[in-house]
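Readers should treat all values here as calculations from the given coordinates under stated rules, not as data from a laboratory. As the structure is a computational prediction, the values presented were derived from the model and not from experiment. Reconstructed Cβ throughout: ideal geometry from the backbone, glycine too, with neighbour counts over all protein chains shown.
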Amino acid sequence: MPANIVMPKVGGYDMESATLLRWLKREGDPLQTGEPIAEVESAKAVIELPSPHTGTLLRALVAEGTDVPVGTILAVVALAGERI
Amino acid sequence: MYRKMLEIRNLEQSAYDMASAGKLPGLVHVSTGQEAVAVGVCSTLRLEDTVVGTHRSHGYALAKGASPRSIMAELMGRQDGCCKGYGGSMHVTDVAHGMLGCTAIVGGGIGMSAGAALSHKLRRTDNVSVCFFGDGALGQGSFYEILNMASKWTLPLLLVCDNNLYSMSTRSEKVQAFSSCSDLASPYKIWGAKVDANNILEVYQAACTAADRARRGDGPSILDCVTYRWTGHGVGDPGIYRTAEELESWKMRDPINHLREYLIARKWLNEAGAARIDEEAKALVADAVSFAESSPHPAPEQAWKHLYSEPILKVYQECES
């Protein structure tokens, strides 16, 4: 089953939302766990978001420059070994 | 000890992932990378011994015998949590297992643990009291008062510094006058040791010595357990005050891998056995998560219950109406 990547609470203890500045991976790109996939900006910091999964980026659901709440699904990943 | 460390690792990972996705209420601090301190010390303890923890205490509670289900339900604020959902991540308490409570106030548990130690002594038991605190608590004045008093009163107290080198974002050597808190043992006339706390056997050995001394009536000890946290101070901390290389070098010294290699080298465990324990620890935590998710939230009308004794509760209710 494909897995989701959600907007994590990474930029401040009281972070409620963050802006997806830039995708560092495109749809169809392979992903390794821990590899940066996007740059996000919270009220307090700009952070590179590490991939929580190894697999292939199927769909990027959030456009660059969009501010989204914590927990929003940012992308869908086909896990390693999964047929797309 | 190997199994317990893996249980903590998995529980902390689940907690981190859920908090990171905004699914847990309040602030959440996990102890990933520091498991050997909780397990190494608590493995020397009996049910009647008591533990006081910090804001980062899921691991201590689990190592002291609290059930993963009750801890996970507490983190989610559910009725079946060990504090019935009133406490949350920073107040994991399970008195039946000797987990007296945790305080999120830096160094706040040190006085409480000395009180527990005094109680053990006055009741003429050979139980011991353990206080886990972080390196940040060494900046609190109450720590030095307790050190003095515990020594003078020969309290059965283990002061365990779960030293992850950072007080939030401040590296401890920037603010600490001494190089190790175990150096304070000599002036306060107690026993102390600095241990490599990514090696659980060193932690266990030092904790055994300290607990034996306390049970014999030889008074308190201080252990400086030097380790490293793999995550930010709390969920939400991007950890930009330390380098990726530093983090990586500590991850190479994973306390769980260290024990696995030690056991496998002596043929006390094989790869298949280790993999099985790994799977069982994962399953235990997955069960705890689904148990917690199915546990109800406390009803709003329960909000006052268990907070105050009944007469005070009545006054509050009168004020409300």
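Structural remarks
- Cα gyration tensor, the range B:205-321 - rounded (a/c under 1.5), prolate or oblate: prolate
- Charging the Cβ of each Asp and Glu at -1 and of each Lys and Arg at +1, and nothing else, the dipole of the range B:158-231 about its Cα centre rounds to 140 debye.
- Under 12 Å from the B:K23 label point (7 Å along Cα→beta-carbon), backbone N, the range B:74-105: B:76
- Packing rank of A:54-61, B:81-88, where each peptide gets the mean count of other beta carbons within 10 Å, highest leading: B:81-88, A:54-61
- Taking amide H positions as modeled 1.01 Å from N, with prolines and chain starts lacking one, the residues under 5 Å from A:T66 and 5 or more places away or on another chain are A:L20.
- Shielding by partners, peptide A:3-10 (average Cβ within 10 angstrom, other chains): 5
- For the range A:3-79, a crude dipole built from +1 on the beta carbon of Lys and Arg and -1 on the beta carbon of Asp and Glu, taken about the Cα centre, is about 160 debye to the nearest 20.
- Placing a label point 7 Å from the Cα of B:L307 along the Cα-to-Cβ line, the residues of the range B:61-100 whose backbone N sits under 12 Å from it are B:86-87.
- Value of relative contact order over the range A:3-79, rounded to a whole percent, pairs C-alpha under 8 Å and six or more apart: 41 percent
- Neighbours of B:R56 by Cβ distance under 9 Å: Lys/Arg scored +1, Asp/Glu scored -1, total 0.
- Theoretical FRET efficiency, 1/(1+(r/R0)^6), r = Cβ-Cβ of B:V95 and B:E245, R0 45 Å, to 0.05: 0.55
- With viscosity 1.002 mPa s and temperature 20 °C, the Kirkwood radius over alpha carbon pairs of the range B:2-320 converts through Stokes-Einstein to a diffusion coefficient of 106 µm²/s.
- Remark on A:L74: its backbone amide H falls under 5 Å from those of A:I5, A:V6, A:M7, a criterion applied only to residues 5 or more positions apart or on other chains, H modelled at 1.01 Å from N.
- Contact order normalised by residue count of chain B, Cα under 8 Å, 6+ apart, percent: 22 percent
- In a simple Cβ point-charge model (Lys, Arg +1; Asp, Glu -1; nothing else charged), the protein assembly as shown has a dipole of about 1080 debye relative to its Cα centre.
- Positive-end residue of B:C102, B:N164, B:A210, charge dipole of the protein assembly as shown with Cβ unit charges: B:A210
- The convex hull built on the alpha-carbon positions of the range B:235-275 has an orientation-averaged projected area of 4.1 nm².
- One chain, two ends: B:S186 and B:I277. Fully extended at 0.36 nm per residue, the span grows by 28.6 nm beyond their Cα-Cα distance.
- Furthest towards positive pole of dipole, A:L31, A:A78, A:A43, structure part the range A:3-79, Cβ charges: A:A78
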